Every structure is written in structure tokens, then in C-alpha cells.
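Presented below is the structure to which this report refers.
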Amino acid sequence: FGANEEQDPIKAEHFGITTVEAMAAGSVPVVIERGGQPELIAVGVDGFLWSSIDDLLATTRLLVRDQRLRRQMGMAAIAASRRFDPAHFATRLYETLAAAGIPVRQE
């Protein structure tokens, strides 16, 4: 937070493996709207993005106060995290290689 992504891109998390791991454990991610985080989160479904301290505080308070919402979004987060499991990764890799005309033997 506060880093200039244009001047120092290394300070922005480009994929967000920590976010995906938290989602797989049923945590509802509340992550900064930078780097690759926006590509991982369906806002209000499986997590939240924030761009200001006020956003972060409001979203965190909402989740702390609403146990039903937290559980519902936690279950959605688990399901969303499966997009990055080894089976899905392998399928997407084979599809990408096939589309590029690279023959691949699937095992």
C-alpha cells in the first residue's frame, strides 16, 4: 500500500499465491486492488478489493459483523481457488499448447 506500481512494479503482487492459498482454506480475502489481485477476486462473491484505508476498514467490519456473509463468501472462495489446482492448471496448459500448435501427450 502506498507503493508506486509504475515506478516499482516488484512491490505489487503479480499473481497472489498467498491470496489463493487463503481462499482454499475458506478465508475471505480482503486485498488491495493492485497487481494481479483484481484478477483473482469476484468482488462481493468470494472476496473484496480495497483501494483506500476507508474501504479496507468498512469491508473488514462488514465481514466481522456478518457471520452468514463470511461463511457464504468463504465457501465461494474455496470453490474459486480450485481454478488454480494442479488438474485445472494442467488442462489449461494443454489447451494453450494445443492452440499454439504444439503437440502434447497427456498422461
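The values are calculated or read from the model by the stated rules, or taken from the named source; none is laboratory data. Keep in mind that this is a model prediction, so the values were computed, not measured. Note: ideal-geometry Cβ built from the backbone for every residue, glycine included; neighbour counts use all protein chains shown. Side chains included, ligands, DNA and RNA excluded: accessible areas come from the protein's heavy atoms. Shrake-Rupley method; radii C 1.70, N 1.55, O 1.52, S 1.80 Å.
Residues in the stretch 48-57 that are among the hydrophobic types (A, V, I, L, M, F, W, C) and either more than 20 Å from the chain's Cα centre (by Cα) or surrounded by 14 or more Cβ atoms within 10 Å (Cβ to Cβ) (or both): 4 in all.
Residues that are open to solvent by 30 Å² or more (accessible area, probe 1.4 Å) and assigned to a loop (DSSP other than H, G, I, E, B) were ranked within the stretch 29-44; the one that is nearest to LEU62 (Cα to Cα) is GLY44.
For the stretch 45-60, how many residues are in a loop (DSSP other than H, G, I, E, B) and over 24 Å from ILE10 (Cα atoms)? So the count comes out to 2.
Step by step: first the residues of the stretch 79-107, then only those that are more than 18 Å from GLU39 (Cβ to Cβ) and touching a helix residue (DSSP H, G or I) at 6+ places or on another chain (Cβ under 7 Å), then the one that is least open to solvent (accessible area, probe 1.4 Å). Which residue is that? Only one residue tops the list, namely VAL104. Filtering ARG65, ARG83, ARG92 for residues that are over 12 Å from VAL28 (Cα atoms), modelled with pLDDT of 90 or more, over 16 Å from the mean Cα position of the chain (by Cα) and of a type in the set (D, E, K, R) leaves a single hit, ARG65. The single condition among (1) open to solvent by 50 Å² or more (accessible area, probe 1.4 Å); (2) among the aliphatic types (A, V, I, L, M); (3) more than 30 Å from ARG105 (Cβ to Cβ) that ALA24 does not meet is (3). Residues in the stretch 16-45 that are at pLDDT below 90 and more than 15 Å from ARG82 (Cα to Cα): 3 in all.
Of the residues making up the stretch 87-107, those that are assigned to a helix (DSSP H, G or I) and over 18 Å from THR18 (Cβ atoms) are ALA87, HIS88, ALA90, THR91, ARG92, LEU93, TYR94, GLU95, THR96, LEU97, ALA98, ALA99.
When restricted to residues that are over 16 Å from VAL31 (Cβ atoms), open to solvent by 70 Å² or more (accessible area, probe 1.4 Å) and touching a residue at least 40 places away in the same chain (Cβ under 8 Å), the stretch 68-78 contains 1.
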